[in-house]
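Novice: Following this message is one structure expressed as structure tokens.
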Amino acid sequence: MLPRAVPALRSIWLLELSGVYERYISDGSSSQLITVLRYRCRPTGATVSLLPDFAQPYRLLATELIEDYFFERANGFLDAWQDLLKSYRKGFEAWYEQLSSIVGFSLGRAPPGLDSSAVETFKWLVGACGNCLKEVTRTLTKHLKVSIFGCYQCHLNGHEKWRLSQAAILSD
């Protein structure tokens, strides 16, 4: 089914299919090749890939496996993926302060006494968005154009990409 709007743009523009690509996703026990549809917004030129709920942008491991690791839940497949999961956590830790400033109060005020560690921030985000990482991802990409791992160019329209490129030039 063709989506009718680019959620990240908060506008109702018709989209056109601009391509497809394949990527792997692993639930820990096996990997599966999935096909991802990529759409382009005609008026803005912004593109968006529609990932299934079980996939995170630019991550091999499935959403549920990442969530189990961050919450330190028992999962028989975590040991085999420790190194990759540690790199995911390091990526989140490097990004979480910037993510916190982007999120601000848009998900409600953080509870008093919230430890400002990355892990506590992650747990608060999950609780604020519906108690699962799938909902966090959906909320962040739809409303704030970010994920728990970063801000990706495919979530931005042309003007926003220009603004980010100018900010990068000014900061050099």
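The values are calculated or read from the model by the stated rules, or taken from the named source; none is laboratory data. Because the structure is a prediction, the values reported are computed rather than measured. Ideal geometry is used to build each Cβ from the backbone, glycine not excepted, and the neighbour counts take in all protein chains shown.
Here's the yes/no breakdown for (1) part of a helix (DSSP H, G or I); (2) aliphatic (A, V, I, L, M):
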{"site": "GLY76", "(1), (2)": "no, no"}
{"site": "ALA80", "(1), (2)": "yes, yes"}
{"site": "SER101", "(1), (2)": "yes, no"}
{"site": "LYS134", "(1), (2)": "yes, no"}
{"site": "THR137", "(1), (2)": "yes, no"}
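Novice: Can you give me the number of residues within the range 28-53 that are surrounded by fewer than 15 Cβ atoms within 10 Å (Cβ to Cβ) and either at pLDDT 90 or above or over 15 Å from the mean Cα position of the chain (by Cα) (or both)?
Specialist: 10
Novice: Next up: Restricting the range 72-96 to residues that are surrounded by 14 or more Cβ atoms within 10 Å (Cβ to Cβ) and of a type in the set (A, V, I, L, M, F, W, C), which is nearest to ASP27 (Cα to Cα)?
Specialist: This residue is PHE77.
Novice: Do we have TYR69 as touching a Leu at 6+ places or on another chain (Cβ under 6 Å) and at pLDDT below 90 here?
Specialist: No; evaluated as a whole, the condition is false for this residue.
Novice: Sticking with this structure for a sec: Does PRO52 satisfy being more than 24 Å from GLY130 (Cβ to Cβ) and in a loop (DSSP other than H, G, I, E, B)?
Specialist: no
Novice: Moving on. Do we find that TYR69 is part of a helix (DSSP H, G or I), within 17 Å of VAL146 (Cβ to Cβ) and among the aromatic types (Phe, Trp, Tyr) in this structure?
Specialist: Answer is no for this residue.
Novice: Which of the residues belonging to the range 58-71 are buried (at least 17 other Cβ atoms within 10 Å of the Cβ) and of a type outside the set (A, V, I, L, M)?
Specialist: ARG59, THR63, GLU64, GLU67, ASP68, TYR69, PHE70
Novice: OK, next. Going by the conditions given, is GLU120 over 29 Å from ARG42 (Cβ atoms), outside any loop (DSSP other than H, G, I, E, B) and modelled with pLDDT of 90 or more?
Specialist: Here the answer is no, as GLU120 does not meet what is asked.
Novice: Could you give me the residue pairs with C-beta distances under 7 Å whose first residue belongs to the range 25-38 and is more than 15 Å from LEU51 (Cβ to Cβ), whose second residue is of a type in the set (Phe, Trp, Tyr) wherever it lies, and which are 6+ apart or on separate chains?
Specialist: Hits for this filter: GLY28/PHE77; GLY28/TRP81; SER29/PHE77; SER31/TYR24.
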